[in-house]
Amino acid sequence: MNKETLEKSAELIKILRKKLGSINIDDLKEPHYTDAEEMQRCNDAEIFYEKYMKPVLKSLEQEQLEWIGQKALNNDHLVFGRGTINGIYLIMDWFEKKVARSRSRFQTEEKPLPGEAP
């Protein structure tokens, strides 16, 4: 997926969450940190997420999806299961946001090659 498609998808998810009565990760009011402190938090989050949390959350997501598809007995089970998945996705969204910020320190502005138009 390209960056534009990802941004549009993220915006659509925000709208859908609001319509369905859920919060978005952007609704979270985090304490104010200096830029250096925030970057350190993002770096720490990236390490912890990639090594420990992401595999667990992916496994929980898969188990919950399978349970909804195979064992949900009624609409209440379905709604509760979907809410559980939304919670998993909110946690993943928070970590992915921190990971993106952490990785941004390595990204440089793309410059055209000699002879290419800017």
Completion exercise
Quick shape check on the stretch 34-103: root eigenvalues a ≥ b ≥ c of the Cα gyration tensor, a/c under 1.5 is rounded, otherwise prolate if a/b tops b/c, else oblate, and it reads prolate
Practice task
Working from Cα positions, state the angle (0 to 90°, nearest 10) between the long axis of helix 35-48 and the longest principal axis of the chain.
Solution key: 50 degrees
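Under the rule of -39500 (n - 2.57) per DSSP H run of 4 or more residues, summed and divided by the residues of the chain, what mean residue ellipticity at 222 nm is obtained, to the nearest 500 deg cm²/dmol?
About -22500 deg cm²/dmol.
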Completion exercise
Taking a straight Cα-to-Cα line shorter than 21 Å from Lys97, and setting aside same-chain lysines fewer than 8 residues away, one finds Lys3, Lys8, Lys14, Lys18, Lys29, Lys51, Lys54, Lys58
Problem - Estimated inter-spin distance, Leu60 and Asn86, nm [label 7 Å along Cα→Cβ] - result: 1.6 nm
Practice task
With N denoting the number of residues in the chain, provide Rg(C-alpha) divided by 2.2 N^0.38 Å, to two decimal places.
Solution key: 1.35
Problem - Electrostatic dipole magnitude of the chain [Cβ: Lys, Arg +1; Asp, Glu -1; Cα centre; debye, to 20] - result: 280 debye
Practice task
Would you mind checking the tilt of helix 3-19 against the longest principal axis of the Cα atoms of the chain, expressed as 0 to 90 degrees and rounded to 10?
Solution key: 40 degrees
Fill in the blank from the handout: Sequence order, the stretch 65-80: Karplus ³J(HN,Hα) from phi using 6.51 cos²θ - 1.76 cosθ + 1.60, θ = phi - 60°, Hz rounded, Gly and Pro as x, gives 4, 5, 5, 4, x, 10, 10, 5, 8, 7, 5, 4, 4, 4, 5, 5
Practice task
Before anything else, pin down the relative contact order of the chain: Cα pairs under 8 Å, at least 6 apart, normalised by residue count, whole percent.
Solution key: 32 percent
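Rule-based calculations on the coordinates, nothing more; no lab input. As the structure is a computational prediction, the values presented were derived from the model and not from experiment. Using ideal geometry, Cβ is built from the backbone for each residue, glycine included, and neighbour counts are taken over all protein chains shown.
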